[in-house]
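Below is one structure, written out as structure tokens, with a few remarks after it.
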Amino acid sequence: MTTSLSTASLLAPPAERPPVGKFRSGRMAETLPEALAAWRITTPHAEVADSTARLLGGTVRPGRPAGDDAFEVLTDTADVDIVIDAPSAISTELKLWDHRGLAHHCDGSVFLSADDRRGTACGCPATYTERRVLAHDGQGPQVYTSTRFRLANQLTLGTFLHESISWELAEEMSGLRAAVGRAGRPARLRLKLAHAEFVSPTGIRVDRTRPVLEFIAPMAAGWTRLQSNSARLAKEAARATWGAVVRASRHRGAALGSRVQPAVHR
Ligand SMILES: [Zn+2]
């Protein structure tokens, strides 16, 4: 069985390059951060803004003129189907800065930098609950989870980035990375903004959203459907074009009083 060029380009993950856009769960409303109920996408590319607005609903607006935020899309959707190409596309790191710079950078058990201590035990507690308490008190590093993904409905658009400081998301990541690893191929997941309301210990009603990633299936299942849909659309397009050619030929043939000859393909 041979693989067509277009199939190969859709299956192969794009080379590591800057993301074409970022998925964000909040924005700055004047000087205060505001949580959103649907995804906001920022991108330096007008065509990426247009495509994501078409795919996910929403409107394209000018963003910050400098940097990576020239356009923003306030989408209408809180759930997006995505494709993760490999477990390494999901990373969870812990970082603490002090007046000297990055003072503690680890994966929860060993240092990830600097060069002189990379790979050695960092001394963080074993559980996320304990790490979270230390971070809250300013005594331990904060968690950062980044996920690089493509949109399942338009794989060729490029790689997007989602970054989060959610401890719940970080705790769920090791299970997800393992599931993507077991899949052994690109996997389809759902990136969601989950809404939660709770009452704080001081009695304040808190309304918040948090990102959730759910594993759906190895890409093969979704890919088969995508392939058959693409093949069906291509066949329909070819049939429609061929029908139009035959009708036009018959029309010309009748006008010239000659018979339609079968086309010869060179
Ligand atoms: Zn650590």
(message) Could you compute how fast region 39-122 diffuses translationally, taking Rh as the Kirkwood radius over C-alpha pairs and applying Stokes-Einstein at 20 °C with viscosity 1.002 mPa s? Give it in µm² per second.
(response) 135 µm²/s
(request) Using only C-alpha atoms and all pairs of different ones, pull out the Kirkwood radius for region 88-211 in Å with one decimal. (result) 16.5 Å
(message) Given a 1.4 angstrom probe, I'd like the percentage of the accessible area of region 103-173 that is carbon and sulfur, rounded to a whole number.
(response) 50 percent
(request) Starting from the Cα gyration tensor of region 127-169, take the square roots of the eigenvalues, sort them a ≥ b ≥ c, and report rounded, prolate or oblate (rounded when a/c is under 1.5, otherwise prolate if a/b is larger than b/c, else oblate). (result) prolate
(request) Note down the magnitude of the dipole of region 65-221 about its Cα centre, charges +1 on Lys and Arg C-beta and -1 on Asp and Glu C-beta and zero elsewhere, to the nearest 20 debye. (result) 420 debye
(request) Return the Cα extents of region 19-67 along principal axes one, two and three, sorted largest first, each rounded to a whole Å. (result) 30, 25, 18
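The values are calculated or read from the model by the stated rules, or taken from the named source; none is laboratory data. The model shown is predicted, which means the values in this text are computed figures rather than measured ones. All Cβ positions, glycine included, derive from the backbone under ideal geometry; neighbour counts span all protein chains shown. For accessibility, only protein heavy atoms count, side chains too; no ligands or nucleic acids. Shrake-Rupley method; radii C 1.70, N 1.55, O 1.52, S 1.80 Å.
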